[in-house]
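Asks: One structure, as structure tokens, below. Some questions next.
Here, each number is a calculation from the coordinates, and none is a lab measurement. The model shown is predicted, which means the values in this text are computed figures rather than measured ones. For neighbour counting, all protein chains shown are included, and Cβ atoms are generated from backbone atoms with ideal geometry for every residue, glycine included.
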């Protein structure tokens, strides 16, 4: 595997389910990000982890819970989501001090 | 807060040049980026420019920056059908790489 990978690529869940999105970067980076991409809206930065510590939480509802167990892996735990949370969730990684973020292909989430 | 604006749609014919425009509001923007997103894929970094530059060229891509007017453009020479995608402008300051994205411009290239 190369670059940034995300699993699953598609996810359909009910409002009472609990699921997790996974991101893995194979670039040796030390910062990771979650973004939300909704139709006709700019990408929204959700969370930033630098050196495995959360450094940004962009007023995201608590039904989204990130986890960064090491510099290569990032999770987004989901519970009791709402239909308006349906979106493409993108993970990115970068090297601290360098101004390039590399994105994964995203997980298309549909909440019924 | 910071704001980045782009037109939503651009249609060109194959072989023509495409110019995608972007305006931003944050005067402390240090880096300005162009990303490309193809259907079903994540964002691919095309190029970026440091705010003390006014032009950067990379093969078919030319980025122009007018810092006074806070206007950024991406010119694609000899546009191909494979260039059809959504193009996002983004900016960041010298802080922790917090990118602020525009809504994206959908480029459609017809044969």
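Asks: Taking only Cα atoms and a 10 Å spring cutoff, compute GNM fluctuations for chain A and point out the largest among A:99, A:57, A:30.
Replies: The residue that fluctuates most here is A:99.
Asks: If you restrict to DSSP beta bridges whose two residues both lie in the protein assembly as shown, what percentage is antiparallel, to the nearest 5?
Replies: Percent antiparallel among DSSP bridges in the protein assembly as shown is about 90.
Asks: For chain B, modelled as a Gaussian network with Cα springs under 10 Å, which listed residue fluctuates most, B:101, B:88, B:50?
Replies: Maximum fluctuation in the GNM of chain B, among the listed residues, is at B:50.
Asks: Now for a separate question. Test of understanding: in a Gaussian network model of chain B with alpha carbons linked when under 10 Å, which of B:59, B:37, B:80 would top the mean-square fluctuation ranking?
Replies: B:59
Asks: What does the average come to when, for each residue of peptide B:100-106, you count the partner chain Cβ atoms lying within 10 Å of its Cβ?
Replies: Average neighbour count from other chains, rounded to a whole number: 3.
Asks: Where the centre of each part is set by its Cα atoms, how far does region A:1-50 sit from region B:1-52, in angstrom?
Replies: 22
Asks: Where q = 0.09 Å⁻¹, what log10 of I(q)/I(0) comes from the Debye formula for the protein assembly as shown, counting one point per Cα?
Replies: Log10 I(q)/I(0), no solvent term: -0.37.
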